[in-house]
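Participant: My questions will all concern the structure given below.
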Amino acid sequence: MADKESFFSHPTAIIDAGSKIGTGTKIWHFSHIMPNCKIGENCNIGQNVVISPEVILGNNVKVQNNVSIYTGVQCEDDVFLGPAMVFTNVNNPRSAVSRKDQYATTIVKKGATIGANATIICGHDIGRFAFVGAGAVVTKDVADYALVYGNPAKQYGWMSEHGHKLEFNAAGIAVCEESKEKYKLQDGQVSKI
């Protein structure tokens, strides 16, 4: 664990042995960081969050209240996890059957947002700067910059790195209304230009 002076944890938070917490990170009320987690710098872990053993969070990850992040999940830098969203880590759980050796990996890539009450079924990656709407149930991989929502989640467009829906012209070019950065849609993939 990092030097206790380099991060903040509320007195009601529990941080188990072997976890590493980055400088500037804040861990709030009633949250539990289980053994051997790696949490980057300047993260914010809200109230009543459970981070299971060996989870990896990059830098500047924002985890809102009541989120469950189970073993097998990795979040890259600048990920936003909305209130009460949840990850799964086994496709066919049974109380009486131990499947700890079958945990699937889910990677949430840089800058992605997952909205409130969304569920990410294990083994499906969330692309860079993707945007998963509130209440969505993700049952397949989400492309970089994709906007998905619904149950099951389906793609309904593309998002900029600043979180605005992109409208592409006939040449496949879109401009973010906030940042004025340009994006190109080509062969079903979006990239910033």
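Participant: I need the full set of residues from the stretch 78-112 which are assigned to a strand (DSSP E or B) and either surrounded by 19 or more Cβ atoms within 10 Å (Cβ to Cβ) or touching a residue at least 24 places away in the same chain (Cβ under 8 Å) (or both), in order please.
Facilitator: Phe80, Leu81, Val86, Phe87, Thr106, Ile107, Val108
Participant: Take Gly40 and decide whether it is in contact with a Gly (Cβ under 6 Å, 6 or more places away or on another chain), more than 25 Å from Gln102 (Cα to Cα) and crowded, with 20+ Cβ neighbours inside 10 Å.
Facilitator: Here the answer is yes, as Gly40 does meet what is asked.
Participant: Right, another one. Just the residues that are polar (S, T, N, Q), within 25 Å of the chain's Cα centre (by Cα) and not in a loop (DSSP other than H, G, I, E, B), please, taken from the stretch 150-193.
Facilitator: Gln155, Gln189, Ser191
Participant: Check Asn117 against each of (1) in a loop (DSSP other than H, G, I, E, B); (2) at negative phi and name the one condition it does not meet.
Facilitator: Here Asn117 clears every test but (2).
Participant: Further question on the same structure: So which residues in the stretch 47-64 are farther than 17 Å from Asn36 by Cα and either modelled with pLDDT under 95 or in contact with a Pro (Cβ under 9 Å, 6 or more places away or on another chain) (or both), if there are any at all?
Facilitator: Correct list: Gln64 only.
Participant: Return the pair list, or none, for Cβ contacts closer than 7 Å from residues in the stretch 13-28 that are under 17 Å from Asn59 (Cα atoms) and touching a residue at least 12 places away in the same chain (Cβ under 8 Å) to residues that are part of a loop (DSSP other than H, G, I, E, B) and of a type in the set (D, E, K, R), at least 6 apart or on different chains.
Facilitator: Gly22/Glu41; Thr23/Glu41; Gly24/Glu41; Thr25/Glu41
The values are calculated or read from the model by the stated rules, or taken from the named source; none is laboratory data. Everything quoted here is computed from the prediction, not taken from an experiment. Glycine also receives a Cβ, built like all others from the backbone with ideal geometry; neighbour counts cover every protein chain displayed.
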